[in-house]
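**Student:** Pasting a structure below so you can have a look.
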Amino acid sequence: MTEFDGLPLLRSPVAIAAFEGWNDAADASTAAVEHLEQVWEAREVTSIDPEDFYDFQVSRPTITMAEGETRKIEWPTTRFTVASPPGAERDVVLIRGIEPSMRWRTFCESVLEICHSLEVNRIVLLGALLADVPYTRPLPISGSASDREIGEKYKVVPTRYDGPTGIVGVLHEAAARADLDALSFWVHVPHYANNPPCPKATLALLSRIEDVLDLPVPMADLAEQADDWEKKVRAAAEQDSELGEYVRELEERVGDAGIQPLTGDEIASEFEKYLRRRGGSAGPTAGSW
């Protein structure tokens, strides 16, 4: 791999991006990118200077010991790594970071400038949202595409969501305006089982990545982890009759065109109704993600 202006010269690269925070229910989307970093042994090529984009009282830097003595500070940022999957004729740029606290438009310009320098021809944005879906069935994935033909090719189920958006939505629009092919995939995570990790949701996103890249992704033990996750949720539903009944209702609605991702207020309302039936009260985390 040769260098040009400090960045590697890549082979028809596609970028895959995910961000911690509002866009990342159960940490499912960032876990997908982290998985790719590990199985494809990605190497870091650059990062964005966090000074202008993060409130360090919200996303605090961490301090660690290095070599047993030297103390090292790790700053919250967005990092770019490059992977060369075995047998592939293209490279993959992996973008993983934290949703910025400020200057989102400038942040998106910085991300796209690096993508342009790396000659990325397509960016795939991953997200995870809370929804009223049964954990027993394949988790739905909705999304959007900057080009109708691309959306049809990869069978993107258009999102019908209207409301506040996160950095994934803003970056998708910025990429489209910059004439960069953009795809977004959002996995629907059961709101009643939203504690991270959610390997079943991560697995669902990785299967869509395989489709887009036309490459096999080593799944390691994710399938086993997803099975264990289902067993834990099933055990909880068996011990809680109200939750079990709610899941059965969701199963009956699978395939109903009326199933929609829940807004934060709707999730809070669902939790409140659920807790009222159990004789409890909703806490401050009900519906938050």
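**Student:** If residue 137 satisfies all but one of (1) surrounded by 15 or more Cβ atoms within 10 Å (Cβ to Cβ); (2) of a type outside the set (A, V, I, L, M, F, W, C); (3) over 19 Å from the mean Cα position of the chain (by Cα); (4) closer than 30 Å to residue 229 by Cα, what's the number of the condition it fails?
**Tutor:** Answer for residue 137: the failing condition is (1).
**Student:** Do you know which residues across region 96-129 are at positive phi and touching a helix residue (DSSP H, G or I) at 6+ places or on another chain (Cβ under 8 Å)?
**Tutor:** 103
**Student:** Could you say whether any residue in region 164-171 is in contact with a Gly (Cβ under 6 Å, 6 or more places away or on another chain) and in a helix (DSSP H, G or I)?
**Tutor:** Restricting attention to region 164-171, the residues satisfying the condition of being in contact with a Gly (Cβ under 6 Å, 6 or more places away or on another chain) are 168.
Going one step further and asking which of them are in a helix (DSSP H, G or I), we end up with 168.
Among the residues of region 164-171, at least one is in contact with a Gly (Cβ under 6 Å, 6 or more places away or on another chain) and in a helix (DSSP H, G or I), which makes the answer yes.
**Student:** So residue 176 passes all but one of these: (1) touching a residue at least 40 places away in the same chain (Cβ under 8 Å); (2) surrounded by 14 or more Cβ atoms within 10 Å (Cβ to Cβ); (3) over 27 Å from residue 86 (Cβ atoms); (4) of a type outside the set (Lys, Arg). Which condition number does it fail?
**Tutor:** (1) is the only condition that residue 176 fails.
**Student:** Please go through region 10-32 and give me each residue that is among the charged types (D, E, K, R) and part of a loop (DSSP other than H, G, I, E, B), ordered by number.
**Tutor:** Our first condition is that a residue be among the charged types (D, E, K, R); within region 10-32, this holds for 11, 20, 24, 27.
The one that is among the charged types (D, E, K, R) and part of a loop (DSSP other than H, G, I, E, B): 11.
**Student:** Here is a further query. Spot the failing condition for residue 177; the list is (1) under 23 Å from residue 110 (Cβ atoms); (2) modelled with pLDDT under 90, and only one is missed.
**Tutor:** Residue 177 satisfies all of (1) under 23 Å from residue 110 (Cβ atoms); (2) modelled with pLDDT under 90 except (2).
**Student:** Separate question: Scan region 198-227 for residues that are assigned to a loop (DSSP other than H, G, I, E, B) and over 24 Å from residue 254 (Cα atoms) and jot them down. Give the steps one after another, and end with the answer.
**Tutor:** Here is the first cut: in region 198-227, the ones assigned to a loop (DSSP other than H, G, I, E, B) are 198, 214-221.
214, 215, 216, 217, 218, 219, 220, 221, listed by residue number.
The values are calculated or read from the model by the stated rules, or taken from the named source; none is laboratory data. In this text, all values refer to a predicted model and were calculated from it rather than measured experimentally. Cβ sites come from the backbone with ideal geometry, for glycine too, and all protein chains shown count toward neighbours.
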